[in-house]
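One structure below.
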Amino acid sequence: MINRSTIKDIAKIAGVSDSTVSRALSDYPHVNEEKRKKIRQIAEELGYYPNIHAKNLRVQKSQDIGLIIPEIQNPFYAYVTRGIEDYANINGYNLLLCNSDFDPVKEAKYLDLLLSKQIGGLIIFPTMLITKKVPTLKKRSIPFVFVDFPAYNLHVNCIYADQQYGAYIAVKYLIERGHQNIVYYNYEKGFVPPGEQMERGYRQALKEFKIKYRKNLVFTLKKTDKKTLYETTYQLLSKKKALGYTAIICVGDIFALSIYEIAPTLGIKIPENLSVIGYDDTFICPFLNPPLTSVNQPQYELGKQVFELLLREINDPLNWQYQTIRLIPWISERKSVCDITI
């Protein structure tokens, strides 16, 4: 068992009361400066650190915020997490990070774990199955926000960049440059909310331009590990001639990266033989050859607004009305799309 030093230990060595130690370590103004320095030095020598959990129980408020994200290696989620963390720290909150791997079982396990820790709030990038947990979250009266999830009819806080619109403008961009056989490269249906939203935008643009929807031009990834991604991308690119497609819109820049790496092994040149549009406009886009055109989501700003939304409910829980915030994506144009009308 770890023998943790306590305020009583510090008080005994310093020859002062427990309350004096507590005030000195909490920067209470009415403590002699020389005594404060002595107490802090003793605390440091003993390796003392405050029991935050016990403090939270006393004041009935936790400064810990749980965050469940689906893929920490994906630059999009990393940037959003950075925005959340920065604004959590500015406001005196700590972030407890869990990575679900888009797995509903892991998501549920981490959700139960966080709820057992007396957290002050929750931020979740959910799988589609999160809807089953909404009644539990509401019963616990813990402020929470769903991110990247337009939570229709659930009456919860949610904030999202409109993926349906993002996919729509990407497909429209390709069609206006002469492409009609366009692949949509996505996660497996029912996996994550953004994928389904983007497919709606993909279909919307095809319909608007009177282009027939072809089921065999929708490719899906069944697992999120790198090996499966690259195997699926290889299968997709191997069928280029048979399917006759000229362009691909990806659900994320990581998908586009796999295309860039595998295409040369099959003699496919970007954009001469294949136009590619990514999604999220992460830091990798300008450094690819050619630089990748991608749908931009305001990643850091999204993280900031997520935490601000959560904080507003934390600070005013009794008068809170659930809010939905929609952010508008745009295209960051680079060199990965060829105009075949010329």
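The values are calculated or read from the model by the stated rules, or taken from the named source; none is laboratory data. It should be emphasised that the depicted structure is a prediction, and the values quoted were computed from it without experimental measurement. Counting neighbours? That spans all protein chains shown, and the Cβs are built from the backbone with ideal geometry, glycine included. SASA here: full protein model, heavy atoms, side chains in, ligands and nucleic acids out. Shrake-Rupley method; radii C 1.70, N 1.55, O 1.52, S 1.80 Å.
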Q: Write out the chymotrypsin sites (Phe, Trp or Tyr not before Pro) in the range 110-196 meeting two conditions: DSSP loop, and at most 14 other Cβ atoms within 10 Å of their Cβ.
A: 152
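Express the relative contact order of the range 136-237 as a whole percentage, based on alpha carbon pairs under 8 Å and six or more residues apart in sequence.
Details: 107 pairs, mean separation 24.4, N = 102.
That works out to 24 percent.
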**Q.** Helix-only [θ]222 nm of the chain, DSSP H runs n ≥ 4, -39500 (n - 2.57) each, per residue, nearest 500
**A.** -13000 deg cm²/dmol
Q: Find the Rg to Rh ratio for the range 173-311, where Rh is the Kirkwood radius over alpha-carbon pairs and Rg uses the same atoms.
A: 0.98
Q) Hey, what's the Kirkwood Rh for the range 70-151 if you take every pair of different alpha carbons, in angstrom? A) 13.4 Å
Q) Roughly how tilted is helix 104-115, in degrees to the nearest 10 and between 0 and 90, from the longest Cα axis of the chain? A) 20 degrees
Q.
For the chain, take the longest principal axis of its alpha carbons; what is the angle in degrees between that and the long axis of helix 33-46, to the nearest 10 within 0 to 90?
A. 70 degrees
Q: On the protein heavy atoms, probe 1.4 angstrom, tell me the percent of accessible surface of the chain carried by carbon and sulfur.
A: 51 percent
Q: For the chain, list log₁₀ I(q)/I(0) at each q in 0.13 Å⁻¹, using the Debye formula over Cα point scatterers of equal strength and ignoring solvent, two decimals each.
A: -0.97
Q. Given 207/335; 172/227; 212/239, which pairs have Cα atoms separated by over 24 Å?
A. 207/335; 172/227
Q | Relative contact order (%) - the chain, alpha-carbon pairs under 8 angstrom, separation at least six | A | 18 percent
Q. Between residue 222 and residue 95, what FRET efficiency follows from the Cβ-Cβ distance if R0 is 30 Å, with the result rounded to 0.05?
A. 0.45
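Residues of the chain: accessible area per residue at 1.4 Å, in Å²?
Numbers: 17540 Å² over 342 residues.
Result: 51 Å² per residue.
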**Q.** Protection-proxy order for peptides 216-222, 231-237, each taking the mean of Cβ atoms within 10 Å per residue, highest first
**A.** 231-237, 216-222
Q) How many nm is it between the label spots at residue 128 and residue 9, if each spot is 7 Å from the Cα in line with the beta carbon? A) 5.3 nm
Q: Please report, to one decimal in angstroms, the Kirkwood hydrodynamic radius of the range 119-187 built from all distinct Cα-Cα pairs.
A: 14.5 Å
Q | Per-selection Kirkwood Rh - the range 239-312 (Cα, Å, 1 d.p.) | A | 13.7 Å
